[in-house]
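So the structure is just underneath, and the comments pick up after that.
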Amino acid sequence: METRRALTLAQEAGMDLVEVAPTAQPPVCRILDYGKFKYDQSKKTKEAKKKSHTVDIKGIRMRYGTEAHDLEYRVKDARRFLEEGNKVQVTLIFRGREMAHPEIGKAQLEKLSQAVADVGTVERPPAMEGRRMTLLLTPK
């Protein structure tokens, strides 16, 4: 339909001519109340924001010599974070002569990743970054 004809039809109806799909070929327009159209659009975007969930990266810090009981608490926290839908970055910090045995720290991180394997997967395996070894877990 020609634009001028559509505009006259809209004015006769007491409404507005609103371009709904400007990227379409040819562009799509509708005759409707523009105020109500904007209100409905804002309601849809608010509803979409309400339903969306942002993924955060939660951090867990451990030391080279973390005992089994403390490791269980770290596992419990990691499991809770993964069940909430967040990613978990586990950081193991080495100090002094502990740097000579990174395989022990890697074994601790592997133990933790095996304990949460039912709720999360390893996105980035254990890797040394200076005096830290990090592991990134994502929810299934």
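The values are calculated or read from the model by the stated rules, or taken from the named source; none is laboratory data. From a predicted model like this one, the values you see are computed outputs, not experimental measurements. Ideal geometry is used to build each Cβ from the backbone, glycine not excepted, and the neighbour counts take in all protein chains shown. Note: accessible area is taken over every heavy atom of the protein model, side chains too, but ligands, DNA and RNA are not part of it. Shrake-Rupley method; radii C 1.70, N 1.55, O 1.52, S 1.80 Å.
Hey, if we sort R4, R95 by accessible area with the 1.4 Å probe, largest down, what's the order?
On the way: R4 180, R95 145 Å².
In descending accessible area the options line up as R4, R95.
Report the gain in length on full extension from Q41 to A6: 0.36 nm times residue separation, minus Cα-Cα distance, nm rounded to one decimal. Walk me through the numbers on the way to the answer.
Numbers: separation 35, 0.36 × 35 = 12.60 nm, distance 2.28 nm.
Stretched out fully, the Q41 to A6 stretch lengthens by 10.3 nm.
Farthest toward the dipole's positive end in region 5-84, which of Y39, M62, T8, given Cβ charges of +1 (Lys, Arg) and -1 (Asp, Glu) about the Cα centre?
M62
Using a 1.4 Å probe, how large is the accessible area of D77, given in Å² and rounded to the nearest 10?
Surface accessible to solvent at D77 totals approximately 50 Å².
What spacing in nm lies between the two simple spin-label points modelled at R131 and A21, each 7 Å away from Cα in the Cβ direction?
6.1
Straight distance only, please: which lysines reach the Cα of K38 with their own Cα at less than 17 Å, same-chain residues fewer than 8 apart left out?
Straight-distance partners of K38: K46, K49.
Roughly how many nanometres apart are two label points built 7 Å out from the Cα toward the Cβ at E110 and T66?
Spacing of the two 7 Å Cα→Cβ label points: 1.7 nm.
Quantify, in whole percent, the carbon and sulfur part of the accessible surface of the chain (1.4 Å probe; protein heavy atoms only). It would help to have the intermediate numbers written out before the result.
Working: 5140 of 9990 Å².
Roughly 51 percent of what the probe reaches on the chain is carbon or sulfur.
Between T138 and I31, how high is the FRET efficiency from 1/(1 + (r/R0)^6) when r is the Cβ-Cβ distance and R₀ = 30 Å? Nearest 0.05.
Details: r = 48 Å, r/R0 = 1.61.
The computed FRET efficiency comes out at 0.05.
Under Stokes-Einstein, with the Kirkwood radius over Cα pairs standing in for Rh, what whole-number D in µm²/s applies to the chain at 20 °C and 1.002 mPa s? Present the calculation step by step, with values, prior to reporting the outcome.
Values: Rh = 19.5 Å.
Answer, rounded: 110 µm²/s.
Ordering M62, M15 by accessible area with a probe of 1.4 Å, largest first, what comes out? Provide the component values of the computation, followed by the final result.
Numbers: M62 5, M15 90 Å².
Solvent-accessible surface, decreasing: M15, M62.
Got a sec to turn the phi values of region 79-89 into Karplus ³J(HN,Hα) couplings, 6.51 cos²θ - 1.76 cosθ + 1.60 with θ = phi - 60°, whole Hz, x for Gly and Pro?
Working through the residues one at a time gives 4, 5, 4, 5, 5, 6, x, 9, 7, 10, 10 Hz.
Arrange the peptides 28-35, 87-94, 109-116 so that the one whose residues have, on average, the most other Cβ atoms within 10 Å appears first. Intermediate results must be reported in sequence, preceding the final value.
Details: 28-35: 13.8, 87-94: 19.6, 109-116: 18.1.
So the order, starting with the most tightly packed, is 87-94, 109-116, 28-35.
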